[in-house]
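Participant: Dropping a structure here in structure tokens format, bear with me for questions.
The values are calculated or read from the model by the stated rules, or taken from the named source; none is laboratory data. Here the structure is a predicted model, which is why all the values come from computation and not from measurement. As a convention, Cβ positions derive from the backbone with ideal geometry for all residues, glycine included, and neighbour counts pool all protein chains shown.
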Amino acid sequence: MDNVLIVVDDLDAAKAFFVELGMELDGETPLEGSWVDLVVGLENVKCEIAMMRTPDGHGRLELTKFHTPLAVKTEPQKLPVNTLGIRRIMFAVDDIDDVLARLRVHGAELVGAVAQYENMYRLCYIRGPEDIIVALAERIG
């Protein structure tokens, strides 16, 4: 897999959120032109992308802000985690409490609660900017 696309309205807020999770900004660029229109199946696309890379270099997220055509919002907002489609991305973290505290500064909210799975993991789902759901997993034991 090369990357996962997340369409956002506030590119700066999304970048700050994923940087706080430990990802690094790999590059940013505006995109437009007939080749973009052909690839994505839309007309007159003008967007900005920011590529975010995991610290180990093995994973990337493409954050995209569409200027034209405008992004389509789904209703209702704050869809539950059992909605069909891609619903979350999981990140391994060293200290789940520390990461939660830092992400709350960026508006993150717990979806449920931090829970422990046997003697192996502490886990939680959080909702970040644009209602993006990420999971955090801290290996214990």
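Participant: For ASP98, all conditions in the list (1) surrounded by fewer than 16 Cβ atoms within 10 Å (Cβ to Cβ); (2) within 18 Å of the chain's Cα centre (by Cα) hold save one; what is the number of the exception?
Facilitator: It fails just one condition, (2).
Participant: Ok, one more. Quick check on GLY57: is it assigned to a loop (DSSP other than H, G, I, E, B), under 15 Å from the mean Cα position of the chain (by Cα), at positive phi and free of Cβ contacts under 8 Å to residues at least 40 places away in the same chain?
Facilitator: Spelling it out, it is not the case that GLY57 is assigned to a loop (DSSP other than H, G, I, E, B), under 15 Å from the mean Cα position of the chain (by Cα), at positive phi and free of Cβ contacts under 8 Å to residues at least 40 places away in the same chain.
Participant: Still on this model: Among residues belonging to the range 39-52 that are modelled with pLDDT of 95 or more and outside any loop (DSSP other than H, G, I, E, B), point out the one that is farthest from VAL19 (Cα to Cα).
Facilitator: The extreme case among them is LYS46.
Participant: Being closer than 17 Å to MET23 by Cα and either assigned by TED's automatic domain parsing to the domain that holds ASP10 or within 17 Å of the chain's Cα centre (by Cα) (or both), is that true of even one residue in the range 79-89?
Facilitator: Within the range 79-89, the first condition is being closer than 17 Å to MET23 by Cα, and the residues that meet it are 88-89.
In the following step, the residues that additionally are either assigned by TED's automatic domain parsing to the domain that holds ASP10 or within 17 Å of the chain's Cα centre (by Cα) (or both) were identified as 88-89.
Within the range 79-89, one or more residues are closer than 17 Å to MET23 by Cα and either assigned by TED's automatic domain parsing to the domain that holds ASP10 or within 17 Å of the chain's Cα centre (by Cα) (or both).
Participant: How many residues, within the range 101-118, are closer than 21 Å to ILE140 by Cβ and assigned to a strand (DSSP E or B)?
Facilitator: Residues flagged as closer than 21 Å to ILE140 by Cβ and assigned to a strand (DSSP E or B) within the range 101-118 amount to 4.
Residue by residue, here is whether (1) free of Cβ contacts under 8 Å to residues at least 60 places away in the same chain; (2) of a type outside the set (A, V, I, L, M); (3) surrounded by 12 or more Cβ atoms within 10 Å (Cβ to Cβ) holds:
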| position | (1), (2), (3) |
| --- | --- |
| LYS15 | yes, yes, yes |
| LEU21 | no, no, yes |
| THR29 | yes, yes, no |
| GLU43 | yes, yes, no |
| GLU62 | yes, yes, yes |
| ARG88 | yes, yes, yes |
